[in-house]
1. Quick one: in the stretch 17-27, of everything that is of a type outside the set (Gly, Ala, Ser), part of a helix (DSSP H, G or I) and surrounded by 13 or more Cβ atoms within 10 Å (Cβ to Cβ), which residue is nearest to the chain's Cα centre (by Cα)?
Amino acid sequence: MQWLKHAFAVDPPGPAEPTEAQKLAIDRVADEVVRRGLATPTLMALEMSRPLNFIGSQAMHFFTPFVSVFANTRGYRHFAEFLELRGAIPYICDAIEARIEAPIEKGSDSQVKTPSADSTGNEVGSETD
């Protein structure tokens, strides 16, 4: 009956530890999420889909041939393999939250400038008819 002893074993609670390749893929995703200003919706979606992370990883594996037509799938596969672990979602959420607290260093040429508005709400320097 030794085989039954570990029949229902699960991963220990808490964030999973990724391999180096998986960490690079997760860092890239987290950087892009924060750079695009989608941290809050992403965190909400991740928290809501926490019980479905394994199914999501299997869907990613299913779509790998389709994604490979458009992009290199090495990082994609590493990310899908990491999602198979029970503690993947807390790790990804922690990575995104860490980037929110410590923003990505930007060069002066990559900063986005927003137009300023005057007291009437019109953009300064814009032409109105």
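1. The residue in question is ILE26.
Residue by residue, here is whether (1) modelled with pLDDT of 95 or more; (2) surrounded by fewer than 14 Cβ atoms within 10 Å (Cβ to Cβ) holds:
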position	(1), (2)
MET44	yes, yes
PHE54	no, yes
ALA59	yes, yes
PHE70	no, yes
TYR76	no, no
LEU83	no, no
ARG86	no, no
ILE96	yes, no
VAL112	no, yes
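The values are calculated or read from the model by the stated rules, or taken from the named source; none is laboratory data. None of the values given here were measured: they were computed from a predicted structure. Glycine also receives a Cβ, built like all others from the backbone with ideal geometry; neighbour counts cover every protein chain displayed.
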